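Below you'll find the structure, written out as structure tokens, and then a few comments.
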Amino acid sequence: MAKGSKLKDYLKHEKIQTYLRIMMITIASVAISLDYFNNARITLQEYRYIMFFPVFVLFVTLVNAYIIKHYPRVYQMQRIQFISSLEVFVVGYVFYLEGALSVYFPALFLWFIIGYSMRFGVRLGFLVYAEVLTVWFLLLEYDPFWRENLELGFGWLAAFLVIPIYFFILLDKLHKHLNSLEENINKSEYKATHDPLTKLANRFLLDEVLKEVIQEYEKNINQFALIFIDLDNFKKINDVHGHIEGDNVLVDIAKRISISDDFVARLGGDEFVIVSKYVEKKELYSKLDSLTQSISATYKDGTIELSASIGVAHYAKGMTIPELKKRADIAMYKAKAMGKNRYNFY
């Protein structure tokens with residue numbers, strides 16, 4: 001997956017996680033409050049002290065939500081790491097303060113490990129894994145409730161040790177499989193849209209690009225022209241020098257006409273197409289002059305002379321892609337009829 005796409009996914013997960021965090025804080029606060037009011041196992045002062053932490057995490061969550069909305073790319077990974085660490089250690093401290101009530105919530109730590117791994121990758125998952133184990137060892141050592149219930153505590157410790165490792169292995173295999181699948185899809189898409197000889201775009205990709213450029217034109221962003229190029233006397237090159245040399249010529253021509261930022265495609269045989277954007281027509285004329293000179297340069301120390309007949313059609317509002325192609329094709333054949341080695345406008 002591309003870095004930009006990955007960061008965009010991370011941002012989406014951050015937003016979702018923010019809502020989930022608010023929900024979990026609310027549930028935890030209600031549970032703590034119900035336990036206090038119904039069982040009175042803690043004093044009012046202890047209750048206020050405990051409730052400080054959900055309120056603190058809620059405040060940090062709201063600040064983080066503001067940053068996500070207004071500065072989404074600022075220290076994104078560092079921000080995610082900080083929030084993950086904050087969650088683990090604050091929940092661990094709330095466990096310590098709550099004592100027996102914490103027995104209902106150890107699965108939260110598994111949710112942290114697996115959730116962060118799924119959303120932000122195994123690397124962050126291992127960081128949270130280490131933090132969870134650290135917090136749990138501290139609880140087993142210093143929390144009176146978990147010291148009295150070591151069997152239960154070690155049972156959860158075994159779960160924290162084993163389940164995430166098994167999950168990391170599965171997640172790693174899944175990522176490798178998905179990366180391989182994405183790579184194969186990209187290769188298939190490339191083969192479907194590019195000429196295998198010259199590596200230029202083919203006629204299928206040309207149509208897609210033309211649709212996009214026409215949309216830009218309709219928004220008054222750019223003017224553009226469609227340029228058809230047909231090499232002169234290319235059959236003679238194949239007959240005299242062989243098809244392998246003819247293919248080498250096509251590859252060389254593809255490089256010569258790809259020197260600008262314009263979109264270039266090969267239709268097949270010795271036919272090429274350029275979608276040329278311009279602001280003023282003199283800019284287009286300059287491009288065509290350079291194109292003609294570039295193609296006409298000798299090949300292989302002058303042993304093969306090259307030239308091309310070029311047809312140019314300006315796009316006009318409301319014109320369809322087949323109409324535009326037809327006009328460029330007609331202009332190209334007129335250039336051939338006029339003596340070749342030139343360009344002609346429709």
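Can you name every residue in region 71-81 that is at pLDDT below 85 and either among the charged types (D, E, K, R) or exposed (fewer than 11 other Cβ atoms within 10 Å of the Cβ) (or both)?
Within region 71-81, Arg73, Val74 meet the criteria.
When you scan region 221-239, do you find a residue that is in the same structural domain as Ala316 (by TED's automatic domain parsing), among the acidic types (Asp, Glu), in contact with a Ser or Thr (Cβ under 6 Å, 6 or more places away or on another chain) and under 30 Å from Lys336 (Cα atoms), even just one? Before the answer, list the steps.
Let us first name the residues in region 221-239 that are in the same structural domain as Ala316 (by TED's automatic domain parsing), namely 221-239.
Okay, now just the ones that are also among the acidic types (Asp, Glu), so 230, 232, 239.
Restricting the remaining residues to those that are in contact with a Ser or Thr (Cβ under 6 Å, 6 or more places away or on another chain) gives 230, 232.
Remaining after also requiring under 30 Å from Lys336 (Cα atoms): 230, 232.
There is at least one residue in region 221-239 that is in the same structural domain as Ala316 (by TED's automatic domain parsing), among the acidic types (Asp, Glu), in contact with a Ser or Thr (Cβ under 6 Å, 6 or more places away or on another chain) and under 30 Å from Lys336 (Cα atoms).
Scan region 16-53 residue by residue and report those that are under 20 Å from Gly115 (Cβ atoms) and in a loop (DSSP other than H, G, I, E, B).
Of everything in region 16-53, nothing turns out to be under 20 Å from Gly115 (Cβ atoms) and in a loop (DSSP other than H, G, I, E, B).
Can you tell me which condition Ser260 does not meet? The list is (1) surrounded by 18 or more Cβ atoms within 10 Å (Cβ to Cβ); (2) within 18 Å of Lys199 (Cα to Cα), and all the others hold.
The failed condition is (1).
How many residues, within region 263-276, are surrounded by fewer than 20 Cβ atoms within 10 Å (Cβ to Cβ) and in contact (Cβ under 8 Å) with a residue 40 or more places away in the chain?
Residues flagged as surrounded by fewer than 20 Cβ atoms within 10 Å (Cβ to Cβ) and in contact (Cβ under 8 Å) with a residue 40 or more places away in the chain within region 263-276 amount to 3.
Restricting to region 73-87, name every residue that is among the charged types (D, E, K, R) and either in contact with an Asp or Glu (Cβ under 7 Å, 6 or more places away or on another chain) or over 16 Å from Trp136 (Cα atoms) (or both). Steps first, answer last, please.
Going residue by residue through region 73-87, those that are among the charged types (D, E, K, R) are 73, 79, 87.
Selection gives Arg73, Arg79.
The values are calculated or read from the model by the stated rules, or taken from the named source; none is laboratory data. Because the structure is predicted, anything quoted here is derived from the model rather than measured. Here the Cβ is made from the backbone with ideal geometry for all residues, glycine too, and neighbour counts use every protein chain on show.
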